[in-house]
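Visitor: Just passing along the structure, written as structure tokens.
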Amino acid sequence: MGKLKNSGLKSCSELLEAYRNRDSKAVHPEKLAFVGVGERDVYNISAPFEDEGELVIAGRVEDRSSEESEIHFFVQRDGNWVPREGAPVFALQDPFYTRISGELIFGGVETFPHDEIEGGLNWRTVFYRGANVADLKKFFSGPDRMKDLRLVQLQDGSIGVFTRPQGDKGGRGKIGYTKINSLEELSHQTVLDAPLLEGQFSEEEWGGGNEIHLLSNGMLGVLGHIAKFDEQGNRHYYSMVFVFDPQTGTYSDMQIIAERGNFVEGPAKRPDLANVVFSGGLIRNADGTAELYAGISDAEAQKVKVPDPFTAFEQKISR
């Protein structure tokens with residue numbers, strides 16, 4: 001079995017230059033039309049997934065001037081995405097989903113008052129499980145100040161846990177990984193003890209995993225984001241991927257697969273968020289392409305077609 005090769009730390013700028021020099025880039029951008037939520041924005045969406053026989057998108061819904069967010073579930077009607085009648089609404093940000101042993105696992109980021117900073121907010125990742133969207137029940141809240149906590153079922157039935165600590169261990173945000181045998185083993189200590197994947201982010205930059213794909217050879221395709229500030233304090237977020245081997249602990253170089261300029265022009269929540277692409281989900285197609293669903297500039301949701309970033313790893317590295 002070949003091991004995944006990693007050539008070491010690369011900055012946002014280096015990854016972006018490599019992306020812009022590639023022949024195949026993101027194409028055919030399309031804004032997704034969400035209606036039925038008043039004047040509120042819908043962004044940082046999941047990819048569509050099947051629930052009770054129809055495709056559903058989970059999306060972050062909020063006023064342009066606020067970060068008080070709800071997650072709604074939308075279904076497509078006459079070319080628009082509309083709130084699904086009778087579906088639950090969660091007071092969360094940045095939805096995601098996976099399936100473990102046939103069960104739907106859904107989550108998002110919960111914000112709550114900071115216990116030390118007057119008027120400040122703290123946050124944590126929370127998880128729900130159920131047979132379907134209507135059946136979802138909370139089963140785990142992650143450690144405070146950790147977003148981008150993700151789960152994936154491995155080929156042998158065990159569960160991979162991707163973490164993203166900040167502060168003393170993770171700086172502005174780095175990715176960690178550990179493995180558990182069942183959802184019942186998920187705990188704060190397990191999450192906090194997960195070793196970091198070294199050599200991915202500099203101390204000035206940060207990133208996280210957004211969606212994990214189990215590949216045909218048992219490896220894990222990670223869709224995520226890498227981000228930085230510029231000298232004016234503006235944020236720059238890019239959609240990135242890498243592949244992780246849960247057997248060896250090795251992982252490939254990160255690659256940017258989309259930047260803001262690949263999408264349709266549109267509004268931003270604030271001027272410092274104009275250059276933000278927040279990876280939501282990836283639908284892999286049989287023809288070697290994929291559809292990337294993303295939040296754009298913290299104000300809207302779009303999709304774009306990209307070359308499937310994981311196909312080469314399935315073909316070249318097999319077990």
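The values are calculated or read from the model by the stated rules, or taken from the named source; none is laboratory data. All of these numbers come straight from a predicted model, not from anything done at the bench. Backbone-built Cβ (ideal geometry, glycine too); neighbour counts: all protein chains shown.
Visitor: Whether any residue in the range 121-138 is modelled with pLDDT of 95 or more, more than 18 Å from the chain's Cα centre (by Cα), part of a strand (DSSP E or B) and exposed (fewer than 15 other Cβ atoms within 10 Å of the Cβ) is what I want to check.
Guide: Yes, the conditions are met somewhere in the range 121-138.
Visitor: Also: Condition first: of a type in the set (Asp, Glu) and either farther than 23 Å from Tyr251 by Cα or surrounded by 14 or more Cβ atoms within 10 Å (Cβ to Cβ) (or both). Now tell me which residues in the range 1-32 satisfy that.
Guide: Asp23, Glu30
Visitor: Of everything in the range 178-206 that's closer than 21 Å to Asp156 by Cβ and among the acidic types (Asp, Glu), which residue is surrounded by the fewest Cβ atoms within 10 Å (Cβ to Cβ)?
Guide: So the residue we want is Glu184.
Visitor: Return the pairs, sorted by first residue and then second, in which the second residue is of a type in the set (A, V, I, L, M) and at pLDDT 95 or above, the first residue lies in the range 49-64 and is farther than 17 Å from Leu104 by Cβ, the beta carbons are less than 6 Å apart, and the residues are 6+ apart or on different chains.
Guide: Val61/Val37; Val61/Val42
Visitor: Could you list, in sequence order, the residues of the range 21-31 that are in contact (Cβ under 8 Å) with a residue 40 or more places away in the chain and within 21 Å of Pro309 (Cβ to Cβ)?
Guide: Answer for the range 21-31, where residues must be in contact (Cβ under 8 Å) with a residue 40 or more places away in the chain and within 21 Å of Pro309 (Cβ to Cβ): Ser24, Lys25, Ala26, Val27, His28, Pro29, Glu30.
Visitor: Follow-up. Go through the range 216-247 and give me each residue that's hydrophobic (A, V, I, L, M, F, W, C), outside any strand (DSSP E or B) and surrounded by fewer than 19 Cβ atoms within 10 Å (Cβ to Cβ).
Guide: Those that are hydrophobic (A, V, I, L, M, F, W, C), outside any strand (DSSP E or B) and surrounded by fewer than 19 Cβ atoms within 10 Å (Cβ to Cβ): none in the range 216-247.
Visitor: Something else now. Give just the number: which of (1) surrounded by 11 or more Cβ atoms within 10 Å (Cβ to Cβ); (2) more than 30 Å from Glu203 (Cβ to Cβ); (3) modelled with pLDDT of 95 or more; (4) not hydrophobic (A, V, I, L, M, F, W, C) does Tyr43 not satisfy?
Guide: (2)
Visitor: Of everything in the range 100-120 that's within 15 Å of the chain's Cα centre (by Cα) and not β-branched (Val, Ile, Thr), which residue is surrounded by the fewest Cβ atoms within 10 Å (Cβ to Cβ)?
Guide: Residue satisfying both the conditions and the ranking: Gly108.
Visitor: Give the residue, chosen from Ile283, Ile256, that is hydrophobic (A, V, I, L, M, F, W, C), touching a helix residue (DSSP H, G or I) at 6+ places or on another chain (Cβ under 9 Å) and in a strand (DSSP E or B).
Guide: Ile256
Visitor: Restricting attention to the range 84-98, does a residue exist that is in contact with a Ser or Thr (Cβ under 7 Å, 6 or more places away or on another chain), charged (D, E, K, R) and closer than 28 Å to Gly157 by Cβ?
Guide: no
Visitor: Could you tell me whether Thr311 is closer than 17 Å to Leu220 by Cα and not aliphatic (A, V, I, L, M)?
Guide: yes
Visitor: Is it the case that some residue within the range 301-312 is touching a residue at least 24 places away in the same chain (Cβ under 8 Å), closer than 13 Å to His225 by Cβ and out of contact with any Gly (no Cβ under 6 Å at 6 or more places or on another chain)?
Guide: Among the residues of the range 301-312, not one is touching a residue at least 24 places away in the same chain (Cβ under 8 Å), closer than 13 Å to His225 by Cβ and out of contact with any Gly (no Cβ under 6 Å at 6 or more places or on another chain), which makes the answer no.
Visitor: Sticking with this structure for a sec: Look through the range 192-208, keep the residues that are over 19 Å from Gln247 (Cα atoms) and not in a loop (DSSP other than H, G, I, E, B), and return whichever of them is farthest from the chain's Cα centre (by Cα).
Guide: The selected residue is Leu192.
Visitor: Further question on the same structure: Name the pairs whose Cβ atoms lie under 7 Å apart, with the first residue in the range 36-48 and closer than 14 Å to Pro95 by Cβ, the second part of a loop (DSSP other than H, G, I, E, B), and 6 or more positions between them or separate chains?
Guide: Pairs found: Tyr43/Asp298; Tyr43/Ala299.
Visitor: Does the range 264-288 hold any residues that are crowded, with 17+ Cβ neighbours inside 10 Å, over 11 Å from the mean Cα position of the chain (by Cα) and among the polar types (S, T, N, Q), and which are they?
Guide: Asn275 - this is the single residue of the range 264-288 that is crowded, with 17+ Cβ neighbours inside 10 Å, over 11 Å from the mean Cα position of the chain (by Cα) and among the polar types (S, T, N, Q).
Visitor: Please work out which one of (1) in contact with a His (Cβ under 7 Å, 6 or more places away or on another chain); (2) assigned to a strand (DSSP E or B) is the condition Pro143 fails and give its number.
Guide: Exception for Pro143: condition (2).
Visitor: Using beta carbons and a limit of 6 Å, which pairs, at least six apart or on different chains, have the first residue in the range 97-112 and farther than 12 Å from Gly130 by Cβ and the second one among the acidic types (Asp, Glu) and modelled with pLDDT of 95 or more?
Guide: Gly108/Asp94; Val109/Asp94
Visitor: Right, something else. State yes or no: is Asp94 of a type in the set (D, E, K, R), crowded, with 18+ Cβ neighbours inside 10 Å and in a strand (DSSP E or B)?
Guide: Yes, satisfied.
Visitor: Does the range 67-88 contain any residue that is modelled with pLDDT under 95 and closer than 21 Å to Ala268 by Cβ?
Guide: Scanning the range 67-88, I find at least one residue that is modelled with pLDDT under 95 and closer than 21 Å to Ala268 by Cβ, so the answer is yes.
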